[in-house]
Amino acid sequence: MNMTQPHNPLHGLTLETIVTALAAHYGWVELGERIPLRCFTHGPSIQSSLKFLRKTPWAREKVEGLYLFMLREARRNNQPGKPTD
């Protein structure tokens, strides 16, 4: 692990990895609802999303934020001792 960013969960991840994980977890429809971008709602694909996100920093920040939220939720749901419904 690179010690210059030891607490950055995005360090070392490509944008393609992030978009692929979000699309697999949420699906394109829900991803488009959570982040209303045309690249997610009109003929979505990994490649079209990457092309747009690489050119649009504010949109990339939203996608990275949702990815971090997804990681926090996954961690929260996997905590031992958590009561089940």
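Determine, yes or no, whether E30 is modelled with pLDDT of 95 or more and either in contact with a helix residue (DSSP H, G or I) (Cβ under 6 Å, 6 or more places away or on another chain) or surrounded by fewer than 13 Cβ atoms within 10 Å (Cβ to Cβ) (or both). In short, no.
Just so you know, in the range 46-60 the residues that are in a helix (DSSP H, G or I) and among the polar types (S, T, N, Q) include one that is surrounded by the most Cβ atoms within 10 Å (Cβ to Cβ), and it is S49. Is one or more of the residues making up the range 35-42 farther than 16 Å from M70 by Cβ and in contact with a Gly (Cβ under 7 Å, 6 or more places away or on another chain)? Checking the range 35-42: at least one residue is farther than 16 Å from M70 by Cβ and in contact with a Gly (Cβ under 7 Å, 6 or more places away or on another chain).
Within the range 62-69, can one find any residue that is under 17 Å from T17 (Cβ atoms), touching a Cys at 6+ places or on another chain (Cβ under 9 Å) and outside any loop (DSSP other than H, G, I, E, B)? Looking through the range 62-69, none of the residues is under 17 Å from T17 (Cβ atoms), touching a Cys at 6+ places or on another chain (Cβ under 9 Å) and outside any loop (DSSP other than H, G, I, E, B). For the range 1-26, which positions are assigned to a helix (DSSP H, G or I) and over 17 Å from K62 (Cβ atoms)? Once the filter is applied, which keeps residues that are assigned to a helix (DSSP H, G or I) and over 17 Å from K62 (Cβ atoms), the range 1-26 yields only A24.
The values are calculated or read from the model by the stated rules, or taken from the named source; none is laboratory data. A quick note: this is a predicted structure, and the numbers were derived from the prediction, not measured. We place every Cβ from the backbone using ideal geometry, glycine too, and count neighbours over all the protein chains shown.
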